[in-house]
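Single-structure report; data block below.
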Amino acid sequence: MRKALNTLLTEKLTRRTFLNSSGKAAAVGAVATSTTFPFTASAETSAQASKEEVKYSACLVNCGSRCPLKVHVKDGVISYIDSEDGINDEVFGEHQITPCLRVRANRYKTYNHDRIKSPLLRVGKRGEGKFKKISWDEATTLIADKLKYTIEKHGNEAIFYQYGTGCNGGNIHGRNAMRRFLSSTGGYLNYHNSYSTAQISRIEPFVYGKGHGSFMSEIANSDLVVMFCQNLAETRMSGGGQIYEVLQALEKSQAKVIIIDPRYTDSSIGLNAEWLPIRPGTDAALVAGIVHTLVDEGLADDDFINKYATGWDEDNLPATAPKNSSYKSYIMGKYNDGIEKTAEWAADLTRIPAARIRQLAREMASANNAWISQGWGLQRTANGEQGCRSIMMLPVITKQFGKPGPNTGDWLYHEEPY
Ligand code: SF4
């Protein structure tokens with residue numbers, strides 16, 4: 001019986017051999033259990049049914065990752081979406097890149113009855129919600145006519161190209177295809193900057209000259225990680241996302257993690273972090289309170305900072321700068337607002353206790369290799385660039401640069417301002 005089973009399991013199955021094998025299996029089953037099964041009938045049914053195929057794809061959601069997908073398809077219909085296999089989960093980079101729930105819901109999205117599957121033409125007033133279904137030919141003709149009319153009457157600059165598509169990473173669809181098409185008609189009005197990093201990419205050159213940041217994997221060399229409003233578990237998730245990179249790095253360094261965020265996020269939970277809830281939009285005040293503590297307790301090394309930075313204190317200001325316009329003067333209340341930015345002052349604004357702000361300053365200054373970074377949420381407010389700028393100054397003031405482990409206070413993604 002064992003020989004019969006081996007033959008059955010290793011034989012290459014064509015329809016004929018499958019049917020033939022089914023007979024053998026029936027015989028084996030009958031021998032094994034003295035029971036007869038209708039194998040021949042089920043074999044025919046299986047053979048008639050089409051086979052499931054695996055199509056390789058990738059998630060094109062604009063999250064920064066690019067997870068590979070195995071899409072199981074039967075009769076032209078997605079049965080389910082699976083992860084690509086990894087090579088060796090023990091080796092970072094060869095591990096399985098597990099997609100997140102966003103793309104695992106793609107089957108649901110693809111077949112959702114609410115999905116718009118054909119062009120619709122508005123027939124009512126704007127906002128009235130009245131549309132009629134039209135064919136693709138009608139839709140493309142209508143758009144072509146409108147484009148021609150606009151170009152002839154007002155010129156190409158009257159055509160504005162809208163920013164996003166929610167889909168990224170390809171050249172044959174979405175924004176790039178549309179841009180190519182509009183360029184071929186004589187051009188279009190483009191947009192300036194980016195909704196993702198408008199303020200941080202604008203301000204960073206004023207701090208560092210150019211956008212720079214360490215790879216997250218550098219956290220493997222850190223003993224302290226401080227993230228301002230950076231929520232990788234919900235924005236850079238999946239096995240291919242930076243959250244996995246950070247988890248792997250933390251496994252090596254076992255660094256303490258502090259996350260400053262108005263929300264208690266999955267990142268705080270997943271990275272086993274200490275969570276410091278902060279009032280939204282007050283990050284620059286928190287940094288000012290930290291820096292005041294550093295100065296007050298003699299933890300800021302003036303000579304060192306002045307060696308590598310400009311504008312820290314009055315001795316290191318450009319000749320044209322007004323008196324008391326250095327950052328230290330601002331912190332110590334010598335600037336024209338006259339307010340000393342003590343930890344108590346910062347506590348009032350941020351709602352983080354003064355004692356914790358002072359302690360945070362000491363932790364940053366005494367760490368061997370402190371990683372400091374920020375997410376992009378805090379720059380998406382009025383004057384958000386000031387929060388970005390102040391966080392970027394912390395690695396300089398705490399001497400956390402030029403060695404393995406630290407970061408610029410930035411987030412790696414934007415090397416040049418738009
Ligand atoms: S992390 Fe999620 S959204 Fe991002 S590429 Fe992977 S599956 Fe897509």
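The values are calculated or read from the model by the stated rules, or taken from the named source; none is laboratory data. All values derive from a computational prediction rather than experimental measurement. In this analysis, Cβ positions are derived from the backbone assuming ideal geometry, glycine residues included, and neighbour counts consider all displayed protein chains.
I need a count of the residues in segment 332-346 that are in contact with a Gly (Cβ under 9 Å, 6 or more places away or on another chain) and either aliphatic (A, V, I, L, M) or modelled with pLDDT under 95 (or both).
So the answer is 3.
So if I check each of Tyr244, Tyr188, which one is more than 27 Å from Phe92 (Cα to Cα) and surrounded by 13 or more Cβ atoms within 10 Å (Cβ to Cβ)?
Criteria check complete, one pass: Tyr188.
Can you find even one residue in segment 112-134 that is within 25 Å of Ser50 (Cβ to Cβ), surrounded by fewer than 13 Cβ atoms within 10 Å (Cβ to Cβ) and within 16 Å of the ligand (Cβ to nearest atom)?
no
Can you tell me which residues in segment 99-111 are at pLDDT below 90, surrounded by 11 or more Cβ atoms within 10 Å (Cβ to Cβ) and under 15 Å from the mean Cα position of the chain (by Cα)?
Residues satisfying the conditions are Cys100, Arg102, Val103.
If you take the residues of segment 296-328 that are among the β-branched types (Val, Ile, Thr) and closer than 22 Å to Gly402 by Cα, which of them is modelled with the lowest pLDDT?
Thr310
Need pairs with beta-carbon distance below 9 Å; first residue exposed (fewer than 11 other Cβ atoms within 10 Å of the Cβ) and within segment 143-161, second among the polar types (S, T, N, Q) and in a helix (DSSP H, G or I); sequence gap 6+ or separate chains.
none
Out of curiosity, is Ser183 out of contact with any strand residue (DSSP E or B) (no Cβ under 6 Å at 6 or more places or on another chain), within 20 Å of Trp371 (Cβ to Cβ), polar (S, T, N, Q) and not in a loop (DSSP other than H, G, I, E, B)?
So Ser183 fails the test.
I need every pair where a residue in segment 58-78 that is on the phi > 0 side of the Ramachandran plot has its Cβ under 6 Å from the Cβ of a residue that is within 8 Å of the ligand (Cβ to nearest atom), sequence separation at least 6 or different chains.
Pairs found: Gly64/Arg236.
Looking only at segment 291-323, count every residue that is farther than 18 Å from Lys341 by Cβ, touching a helix residue (DSSP H, G or I) at 6+ places or on another chain (Cβ under 7 Å) and surrounded by 14 or more Cβ atoms within 10 Å (Cβ to Cβ) and tell me the total.
Residues meeting the conditions: 3.
Restricted to segment 52-80, and to residues that are hydrophobic (A, V, I, L, M, F, W, C) and more than 16 Å from the ligand (Cβ to nearest atom), which residue is surrounded by the fewest Cβ atoms within 10 Å (Cβ to Cβ)?
My answer is Val77.
Which of the residues belonging to segment 342-368 are of a type in the set (S, T, N, Q) and surrounded by 20 or more Cβ atoms within 10 Å (Cβ to Cβ)?
Answer for segment 342-368, where residues must be of a type in the set (S, T, N, Q) and surrounded by 20 or more Cβ atoms within 10 Å (Cβ to Cβ): Thr342, Thr350.
Taking only segment 302-320 into account, find how many residues are assigned to a loop (DSSP other than H, G, I, E, B) and not small (Gly, Ala, Ser).
6
Output the residues belonging to segment 256-281 that are crowded, with 21+ Cβ neighbours inside 10 Å and of a type in the set (Ser, Thr, Tyr).
Once the filter is applied, which keeps residues that are crowded, with 21+ Cβ neighbours inside 10 Å and of a type in the set (Ser, Thr, Tyr), segment 256-281 yields Thr265, Ser267, Ser268.
Can you run down the residue pairs with Cβ atoms below 7 Å, 6 or more apart or on separate chains, where the first is in segment 363-390 and within 16 Å of Ile260 (Cα to Cα) and the partner is part of a loop (DSSP other than H, G, I, E, B) and of a type in the set (Val, Ile, Thr)?
Qualifying pairs under 7 Å: Met364/Thr398; Ala370/Thr398; Trp376/Thr197.
Within segment 332-362, how many residues turn out to be under 22 Å from Asp302 (Cβ atoms) and without any contact (Cβ under 8 Å) to a residue 24 or more places away in the chain?
4
Look at Trp371 and say whether it is surrounded by fewer than 20 Cβ atoms within 10 Å (Cβ to Cβ) and either among the charged types (D, E, K, R) or modelled with pLDDT of 95 or more (or both).
No: the conditions fail for Trp371.
Please determine whether any residue of segment 112-130 is part of a helix (DSSP H, G or I), of a type outside the set (Gly, Ala, Ser) and without any contact (Cβ under 8 Å) to a residue 24 or more places away in the chain.
No, segment 112-130 contains no residue that is part of a helix (DSSP H, G or I), of a type outside the set (Gly, Ala, Ser) and without any contact (Cβ under 8 Å) to a residue 24 or more places away in the chain.
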